[in-house]
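Participant: Here you go, one structure.
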Amino acid sequence: MYKIVAETLIQALSYTSLAVVAALVGGVVAVYRPPDPQMESNVQHLAAGVVFAAVAAELLPDIHNKSPTVVVSGFAIGIVTMLGIHRLSKAIENRDIGGNFAGAAGLIITIAIDMLIDGVLIGVTFIEETTTGVIIALALAIEVLFLGVAAVVALPEEMRNIQKMAVPATFGALMTVGVTVGVLTLEGAAEATIAVVLAFGAAALLYLVTEELLVKAGKVPQTPVSTTLFFVGFLTIFLLDIIG
């Protein structure tokens, strides 16, 4: 049992390292060459397509034959959680918590919580099936690249670069913690429990696509390039699933 847990954890952490690196790369890009709004929108479309495909090709098939009660419970918990995180973010911004950092505090706290959730999801998918875990880890690495950029861009300009880079580094650490907790606590868990977590993760990622990535991407004029990138991202993950 311990050997299985250790092997699963090592596999999950090795692929999670891609997301950790992606967060740092996003931070470096934001510090030294911040993207213009159109480029940011293009990346958001690409990330949305990737995450959407990961949910459609990997998570939903894994829970398709599970009890409707289990699936609905997982989705409901996921939706309520994401709405709660969104509400928390707005409350922090409205109450000016964090002083000079108030503008970024809500966003950073939201992303930090999301990193923990994503980490647990990666851990659970590796428990369920290695191929699923790999696809989810790759998809989330692209998501984290954008989130690393978004968080650093939101920070006050007067902050030192090393302080700014500490933010995406923390995101990577939180995702690693989430993976570790997910594997250690859910390895050997009942199928219903795993199904609830997968349904929760599917709802959380769909919320990310529809209410975060695409909403923010829509703040700049739509272009054929950005639309195409959504489908490129979707097709890339879908083909990886077929090949795998």
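Computed from the coordinates by the stated procedures, all read-outs in this text should not be read as laboratory data. All values derive from a computational prediction rather than experimental measurement. Because the Cβ atoms are built from the backbone with ideal geometry, glycine has one as well, and the counts that use them run over all protein chains shown.
Participant: Post the alpha-carbon centroid distance, segment 203-227 to segment 107-175, in whole angstrom.
Facilitator: Result: 18 Å between the Cα centres.
Participant: Based on the Cβ-Cβ distance from E93 to T130, what FRET efficiency comes out when R0 is 25 Å, to the nearest 0.05?
Facilitator: Efficiency at R0 = 25 Å is approximately 0.05.
Participant: Can you sort I194, I162 by how many other beta carbons sit within 10 Å, fewest first?
Facilitator: I162, I194
Participant: Which of the listed residues, T69, V152, L88, is farthest toward the dipole's positive end in segment 56-208, when Lys, Arg count +1 and Asp, Glu count -1 at the beta-carbon?
Facilitator: In segment 56-208, that residue is L88.
Participant: So what J values fall out for segment 43-48 if you push phi through Karplus, 6.51 cos²θ - 1.76 cosθ + 1.60 with θ = phi - 60°, rounded to Hz, Gly and Pro as x?
Facilitator: Working through the residues one at a time gives 5, 5, 5, 4, 4, 4 Hz.
Participant: Please sort by residue number the trypsin sites (Lys or Arg not before Pro) in segment 128-225 whose DSSP state is loop and whose Cβ has at most 11 other Cβ atoms within 10 Å.
Facilitator: Here the sparse-neighbourhood loop sites are R160, K219.
Participant: A further question follows. Expected output is a single nm value to one decimal: the length gained when fully extending between V72 and K3, i.e. 0.36 nm times separation in residues minus the C-alpha distance. What is it?
Facilitator: 21.5 nm
Participant: Using the count of nearby Cβ atoms within 10 Å as a rough guide to exposure, how do M82, M165, M39, M175 rank from fewest to most?
Facilitator: M39, M165, M82, M175
Participant: Also, quick follow-up: Need the list of lysines near K216 for cross-linking: C-alpha distance under 19 angstrom, and skip anything on the same chain fewer than eight residues off.
Facilitator: K90
Participant: In whole percent, what relative contact order does segment 66-205 give with Cα contacts below 8 Å and a gap of six or more residues?
Facilitator: 44 percent
Participant: Still on this model: Note the full-extension length gain between Q11 and R33 as 0.36 nm times their separation in residues minus their Cα-Cα distance, in nm to one decimal.
Facilitator: That works out to 4.6 nm of additional length.
Participant: Where does each of 44-50, 104-110 land if you order them by average Cβ count within 10 Å, highest first?
Facilitator: Descending packing order for the listed peptides: 44-50, 104-110.
Participant: Please rank F238, F230, F126, fewest neighbouring Cβ atoms within 10 Å first, as an exposure proxy.
Facilitator: Ordered from fewest to most neighbouring Cβ atoms within 10 Å, F238, F230, F126 come out as F238, F230, F126.
Participant: Residue by residue through segment 26-35, what is 3J(HN,Hα) from phi via Karplus (6.51 cos²θ - 1.76 cosθ + 1.60, θ = phi - 60°)? Round to whole Hz and write x for glycine and proline.
Facilitator: x, x, 4, 4, 5, 6, 9, 8, x, x
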